[in-house]
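Input: a single structure, listed below in structure tokens.
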Amino acid sequence: MKMENIEIGKRYLCNAIGLKDSIVGEVIAKMERCSVLYVKSHSKEDNVSVVEKAAKVVVRYDDFISEEE
């Protein structure tokens, strides 16, 4: 997705840096090439990584898949 299409406060399905599976997260910050998301749901396989990252992950704009309702 393009940076212009991403909105702070909305939830998106995406592939976060450092995680194996897709997550659903809420955008809490936007930067030039990526966003910071608060993880709302994730796979059990990524549980340790999500906890270590305090449920905040970095996602490149190219790795956003779709907006969630």
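Computed from the coordinates by the stated procedures, all read-outs in this text should not be read as laboratory data. Note that the structure is predicted; figures quoted are calculated from it, not measured. Cβ coordinates were reconstructed from backbone atoms using ideal geometry, including for glycine residues, and neighbour counts include every protein chain displayed.
What is the chain's relative contact order, in percent, from Cα pairs under 8 angstrom and six or more apart in sequence? Numbers along the way, then the final one.
Details: 143 pairs, mean separation 26.8, N = 69.
Relative contact order here is 39 percent.
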| request: Would you work out which of I6, A54, V24 lies farthest towards the positive end of the dipole of the chain, given +1 charges on the beta-carbon of Lys and Arg and -1 on that of Asp and Glu, about the Cα centre? | output: A54
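Remind me, what semi-axes does the chain give for its equivalent ellipsoid, largest first in whole Å, using sqrt of 5 times each Cα gyration tensor eigenvalue?
Values: eigenvalues 67, 26, 22 Å².
Sorted largest first and rounded, they come to 18, 11, 10 Å.
Can you give the charge dipole size of the chain about its Cα centre, rounded to the nearest 20 debye, using +1 on the beta carbon of Lys and Arg and -1 on the beta carbon of Asp and Glu? Could you put the intermediate results ahead of the total?
On the way: 11 positive and 13 negative charges, 38 e Å.
My answer is approximately 180 debye.
Order of 43-50, 16-23, 2-9 by packing, highest average Cβ count within 10 Å first? Intermediate results must be reported in sequence, preceding the final value.
On the way: 43-50: 12.8, 16-23: 16.1, 2-9: 10.8.
Going from most to least packed, we get 16-23, 43-50, 2-9.
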